[in-house]
Amino acid sequence: MHGCEIVEITIPELQKMRIAHIVSYGSEALCSLMPRFLERNFQKLALDSRINLAVIQSFTGSDYVAAQRLRRRLKYYHMEIFKKVDIIVTPSTGYDKLSSYYIMTTPKIHPSALACGESDLEVAGA
């Protein structure tokens, strides 16, 4: 294997990062799209995107700060891991350790999503 060695690693708090990711990027997307909301032009967004943005509006400033703190910790964990390894290789689809099965395959892109986009937090999380 060209002198390579496989080293199993554990990234602490990785599951919490999924939520922090939704809070962080969702809040930033909402801020970016806010002018459209104020002008009532958000009908141009797909319905599922509008629903997700409505949920994101319930996040507080404290939620955002907590997500940023967690992101900082995750960055530290990764910096420590990269002192021991050169690359992290992971499956490209969701994997269930308990059953040893992949949870899902890559989702199909529906033709309607090509024109207006699509957002599915459950699929994205998996």
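The values are calculated or read from the model by the stated rules, or taken from the named source; none is laboratory data. Fair warning: this is a prediction, and the values are worked out from it, not measured in the lab. Here Cβ is always computed from backbone atoms with ideal geometry, including for glycine, and neighbour counts include all displayed protein chains. For accessibility, only protein heavy atoms count, side chains too; no ligands or nucleic acids. Shrake-Rupley method; radii C 1.70, N 1.55, O 1.52, S 1.80 Å.
Annotations
- The stretch 1-54: C-alpha gyration tensor shape, a/c 1.5 cut-off, then a/b vs b/c: prolate
- With each label modelled as a point 7 angstrom along the Cα→C-beta vector, the Glu28-Ile88 pair spans 1.7 nm.
- Compared with the direct C-alpha span, the chain from Glu80 to Ser112 gains 7.2 nm at full extension, assuming 0.36 nm per residue.
- Expressed as a whole percent, the accessible surface of the stretch 1-78 that belongs to carbon and sulfur atoms is 59, based on a 1.4 Å probe.
- Per residue, the accessible area of the stretch 1-72 comes to 75 Å² when a 1.4 Å probe rolls over the protein heavy atoms.
- Remark: the Cα gyration tensor places the stretch 43-83 in the oblate category, a/c being 1.5 or greater and a/b not exceeding b/c.
- Packing around the peptides 70-79, 23-32, taken as the average count of other Cβ atoms within 10 Å per residue, puts them in this order, highest first: 23-32, 70-79.
- Under a 5 Å amide H cut-off, with hydrogens placed 1.01 Å from N, Glu118 pairs with nothing among residues at least 5 apart or on other chains.
- Each residue, Ser62 and Gln15, gets one label point 7 Å from its Cα in the Cβ direction; the gap between the two is 2.4 nm.
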